[in-house]
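Undergrad: Got a structure for you, questions after.
The values are calculated or read from the model by the stated rules, or taken from the named source; none is laboratory data. Note that the structure is predicted; figures quoted are calculated from it, not measured. Note that we place each Cβ from the backbone using ideal geometry, even for glycine, and neighbour counts take in every protein chain shown. These area figures cover heavy atoms from the full protein model, side chains too; ligands, DNA and RNA do not enter into them. Shrake-Rupley method; radii C 1.70, N 1.55, O 1.52, S 1.80 Å.
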Amino acid sequence: MKHYDKPLPEPTATSAPFWEAAHRGRLELQYCSACDSFQYYPRAICANCWNEDIQWKQCSGRGTVHSYSICNIPTLPSFKGEVPYVVAAVELAEGVRMTTNIIGCAPDDVHIGMPVEAVFERVTQEHTLIKFRPHTD
Amino acid sequence: MICSPLHLLEIVSPCTGGAALVVSRADALGDCPQDPVYLLGAGEAGSHTSVTHAPSLTHSWVQHSAGRAFEMAAIDRKSVDFVQLYDCFPITLLLTLEDMGFCAKGEGGHFVQERDLSWQGDFPCNTNGGQLSFGQAGIAGGMCHVVEAIRQFTGRAGERQLSDPGLGLVHGNGGIMGEQVTLVLGLE
Ligand SMILES: [Zn+2]
């Protein structure tokens with residue numbers, strides 16, 4: 001595996017289940033049965049009703065592009081080879097939004113409302129990032 | 001184009017700097033050599049850290065922070081003589097104007113186009129040029145707007161001095177459009 005020099009996730013006790021699931025190729029979100037809602041990013045309690053008893057649930061990995069930007073000049077030098085790339089807020093079918101990248105199509109083809117599906121990109125032996133690509137039925 | 005739809009001059013440039021002001025109880029001014037500026041109203045509101053998780057990308061929490069500040073100061077927004085608005089990107093300032101109720105949603109662009117925002121204009125806004133002109137000094141950045149308001153009230157704004165400002169509005173935001181704070185400042 002070639003050297004990966006971009007920032008990597010640093011899982012906490014609260015977020016570790018998300019990253020471990022991603023590494024196994026699954027998109028899991030926290031779910032609160034008390035108020036029937038999903039949440040992302042991971043938190044110690046349900047941000048909606050403060051219930052402490054929240055579970056991890058596997059999700060469809062499907063969503064739509066809520067908004068996006070095409071990056072031509074990156075913040076960090078390690079992203080230089082990737083430009084232009086798309087930073088997006090993807091709204092998942094479960095109702096939460098994730099900051100992510102849209103890959104697998106030309107940046108100019110990305111549009112708001114575009115259906116997308118999760119892609120699991122293994123970037124090191126220990127780390128997998130969740131990105132999204134166009135999805136057609 | 002740096003990151004669509006933002007061009008180079010629409011992005012604050014990081015800079016080094018600091019800002020400070022002295023805050024006191026009104027009845028503890030003693031023999032302060034300078035006329036005080038009063039904090040008449042303050043409002044704070046927030047719901048998220050990253051804008052990705054904002055309930056809406058187009059309606060910010062400025063409406064709540066500004067609403068609370070106006071209510072506490074018991075003033076109407078129309079009575080302010082100048083505004084100092086957080087300006088990391090032009091869109092931040094436009095959303096702030098819209099959510100404060102100076103114009104309808106989506107009309108921020110037209111609003112600033114039709115007005116003279118300079119110190120001599122009909123809607124003095126960021127009379128010091130704002131962060132888009134002189135840079136963003138990290139977390140001290142937002143304070144530059146409070147300092148400029150105090151300079152205007154105390155007649156120390158030099159060649160950009162407003163004539164007789166009575167009420168000023170200062171707004172700052174933190175996180176990524178996540179946390180909003182509005183202040184109403186005045187001379188009495
Ligand atoms: Zn809940």
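Undergrad: Evaluate the stretch A:26-36: report whether one residue or more is touching an Asp or Glu at 6+ places or on another chain (Cβ under 7 Å), within 21 Å of A:T12 (Cα to Cα) and assigned to a strand (DSSP E or B).
TA: For the stretch A:26-36, residues touching an Asp or Glu at 6+ places or on another chain (Cβ under 7 Å), within 21 Å of A:T12 (Cα to Cα) and assigned to a strand (DSSP E or B): present.
Undergrad: Only one of these conditions is not met by A:E82: (1) within 25 Å of A:H135 (Cα to Cα); (2) in contact with a Ser or Thr (Cβ under 9 Å, 6 or more places away or on another chain); (3) surrounded by fewer than 14 Cβ atoms within 10 Å (Cβ to Cβ). Which number is it?
TA: So the condition that A:E82 fails would be (2).
Undergrad: Could you check the stretch B:78-188 for helices (runs of 4 or more DSSP H) lying wholly inside it with 3 or more residues that are under 11 Å from the mean Cα position of the chain (by Cα)?
TA: In the stretch B:78-188, the matching helices (runs of 4 or more DSSP H) lie at B:90-99, B:143-153.
Undergrad: OK, next. Looking at (1) more than 14 Å from every other protein chain (Cβ to nearest Cβ); (2) open to solvent by less than 60 Å² (accessible area, probe 1.4 Å); (3) touching a His at 6+ places or on another chain (Cβ under 9 Å), can you tell me which one B:F82 breaks?
TA: (3)
Undergrad: Residue by residue through the stretch B:2-54, note down the ones that are modelled with pLDDT under 95, away from chain A (no Cβ under 14 Å), assigned to a loop (DSSP other than H, G, I, E, B) and under 30 Å from B:H64 (Cβ atoms).
TA: B:G17, B:G18, B:A19, B:A20, B:L21, B:V22, B:V23, B:S24, B:R25, B:P36
Undergrad: Could you please find all residues in the stretch B:163-188 being surrounded by fewer than 17 Cβ atoms within 10 Å (Cβ to Cβ) and in contact with a Phe, Trp or Tyr (Cβ under 6 Å, 6 or more places away or on another chain)?
TA: Within the stretch B:163-188, just B:L187 meets the criteria.
Undergrad: Right, another one. Could you grab the pairs with beta carbons closer than 6 Å, sequence gap of 6+ or different chains, first residue in the stretch B:157-181 and among the acidic types (D, E), second one outside any loop (DSSP other than H, G, I, E, B)?
TA: Sorted first by the residue in the stretch B:157-181, then by its partner, the pairs are B:E179/B:G46.
Undergrad: Let me ask something else about it. For the stretch A:81-99, enumerate the residues that are outside any strand (DSSP E or B) and farther than 21 Å from A:L29 by Cβ.
TA: If the condition is that a residue be outside any strand (DSSP E or B) and farther than 21 Å from A:L29 by Cβ, then A:G81, A:E82, A:V83, A:P84 are the ones that fit.
Undergrad: Could you tell me which numbered condition A:S78 fails, if it satisfies all but one of (1) of a type in the set (S, T, N, Q); (2) assigned to a loop (DSSP other than H, G, I, E, B); (3) more than 14 Å from the ligand (Cβ to nearest atom)?
TA: (2)
Undergrad: Here is a further query. Return the only residue of B:G135, B:G155, B:G141 being of a type outside the set (S, T, N, Q) and in contact with a Cys (Cβ under 6 Å, 6 or more places away or on another chain).
TA: Every option except B:G135 fails the conditions.
Undergrad: Specify the residue that is nearest to the ligand (Cβ to nearest atom); the eligible residues are those in the stretch A:3-54 that are within 14 Å of chain B (Cβ to nearest Cβ) and free of Cβ contacts under 8 Å to residues at least 24 places away in the same chain.
TA: This residue is A:N48.
Undergrad: Condition (residue is within 14 Å of chain B (Cβ to nearest Cβ) and either surrounded by 14 or more Cβ atoms within 10 Å (Cβ to Cβ) or under 28 Å from B:S47 (Cα atoms) (or both)) applied to the stretch A:113-121: is it met by at least one residue?
TA: Yes, the stretch A:113-121 contains a residue that is within 14 Å of chain B (Cβ to nearest Cβ) and either surrounded by 14 or more Cβ atoms within 10 Å (Cβ to Cβ) or under 28 Å from B:S47 (Cα atoms) (or both).
Undergrad: Could you tell me which of the residues A:I73, A:I102 is farther than 20 Å from A:A22 by Cβ and among the aliphatic types (A, V, I, L, M)?
TA: Of A:I73, A:I102, the one residue that is farther than 20 Å from A:A22 by Cβ and among the aliphatic types (A, V, I, L, M) is A:I73.
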